[in-house]
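The values are calculated or read from the model by the stated rules, or taken from the named source; none is laboratory data. Every value quoted in this text rests on a predicted model; they were computed, and no experiment measured them. Glycine also receives a Cβ, built like all others from the backbone with ideal geometry; neighbour counts cover every protein chain displayed. The protein model used for the area step is the full one, side chains on, heavy atoms only, and it has no ligands, DNA or RNA in it. Shrake-Rupley method; radii C 1.70, N 1.55, O 1.52, S 1.80 Å.
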Amino acid sequence: MELHILEHSLKVASIEKEGIQICTHGLIKLAFLASKTRCKFFSLTETPEDYTIIVDEEGFKELPQSEHISVADATWLALNVVSGGGNASNSQPIGVTKIAKSVIAPLADHNISVFMLSTYQTDFILVRERDLPMVMHTLSSEFTLLRVVNGETVAVHDLGVTNGFVKPKLVPRPIIHPLSSPSNMFCVTSLDPDTLPSVATLLMDVMFYSGGPKEPGASSEDSNHIRFFSFSLIEGYISLVMDEQTTQRFPNNVLFTSASGELWKMVRIGGQPLGFDECGIVAQISEPLATADIPAYYISTFKFDHALVPEENIQSVIGALRTKSTAQ
């Protein structure tokens, strides 16, 4: 298999809910008027706590400076596993569980922190730019390493730097963070970029104006229902993650669906904000799922992590993960 190192230099940032209004002009431009920018990698994810932005340096220029925006202290690079060659964005999605043992676990063994973004099309593994030599050294025996330069994919080789690279001591990875599963069911979908203008007003409402306080009279049974919405526009491909109720607001035949029309349940990882320095969080979750051959999407955000698993697997997933968290 091939591991593509994409050419985008990425920023990861958090926008506070109360500060979103000062950012909407730039965010709308990045999402709906991409041809007016030089941005090629943009992702916006809303959680109950904040908005997480992953954006390349050109796109970051569209955002204002504000005390409501916190930026992770690193430049990140996106890695993409491609099976059987071809362009990273049009390859078949392989799911985070399919790369758990070949990519996620080895990086965790070498104390390399990762930030995950699963999309409808594929999975992006974000690593700090400064960690790239160690990433290449770790993965070069399993993958053909290719780097995208000016849109062209060229072969790269392990840098040959071995001084200071210590063979990792493999240790168990118990799950140490609290897990929860909201009541929502989610869809992972996409749409044709040509249809984006026809639903732009609806999408803007979903992104920025539908997540306020619950309406008076909302039933108490919705107390475990969380606000989660993710929009990505990466190299021309759109990916959407939203709950089932939100999809029903869209016109028929606009959103892509899988042949099975599959619904996904969420496992939310973290009781307190996770931060960016702890290694192995993605591996703690994805390895047991890989062992059980359960597909999963995985979306890291500025404060918490989120795994999406098929609806019918949620109870066994929660049980397996909680067993792993107490077995150590």
Q: Return yes or no: is I299 at pLDDT below 95, aliphatic (A, V, I, L, M) and either surrounded by 20 or more Cβ atoms within 10 Å (Cβ to Cβ) or within 20 Å of P182 (Cβ to Cβ) (or both)?
A: no
**Q.** Entirely in the stretch 106-211, the strands (runs of 3 or more DSSP E) that have 1 or more residues that are modelled with pLDDT of 90 or more, of a type in the set (F, W, Y) and closer than 30 Å to F229 by Cβ
**A.** 114-118, 123-128, 186-189
**Q.** Any chance Q284 is assigned to a helix (DSSP H, G or I) and either open to solvent by less than 20 Å² (accessible area, probe 1.4 Å) or without any contact (Cβ under 8 Å) to a residue 12 or more places away in the chain (or both)
**A.** yes
Q. Quick one: how many residues across the stretch 311-323 are surrounded by fewer than 18 Cβ atoms within 10 Å (Cβ to Cβ), touching a helix residue (DSSP H, G or I) at 6+ places or on another chain (Cβ under 9 Å) and not polar (S, T, N, Q)?
A. 1
Q: Please enumerate the residues belonging to the stretch 237-281 that are surrounded by fewer than 16 Cβ atoms within 10 Å (Cβ to Cβ) and outside any loop (DSSP other than H, G, I, E, B).
A: E244, Q245
Q: Kindly check whether there is at least one residue in the stretch 15-31 that is surrounded by fewer than 22 Cβ atoms within 10 Å (Cβ to Cβ), of a type in the set (A, V, I, L, M, F, W, C) and assigned to a strand (DSSP E or B).
A: no
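Are any residues in the stretch 64-80 of a type in the set (V, I, T) and in a strand (DSSP E or B), and if so, which ones?
Correct list: I69, V71.
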Q. Within the stretch 50-81, which residues are buried (at least 17 other Cβ atoms within 10 Å of the Cβ), closer than 20 Å to H25 by Cα and touching a residue at least 60 places away in the same chain (Cβ under 8 Å)?
A. D50, T52, I54
Q | From A290, A307, residue being outside any helix (DSSP H, G or I) and either of a type outside the set (D, E) or under 19 Å from the mean Cα position of the chain (by Cα) (or both) | A | A307
Q. Looking at (1) open to solvent by less than 10 Å² (accessible area, probe 1.4 Å); (2) closer than 30 Å to T291 by Cβ; (3) touching a strand residue (DSSP E or B) at 6+ places or on another chain (Cβ under 7 Å), which is the one condition that is false for T47?
A. (3)
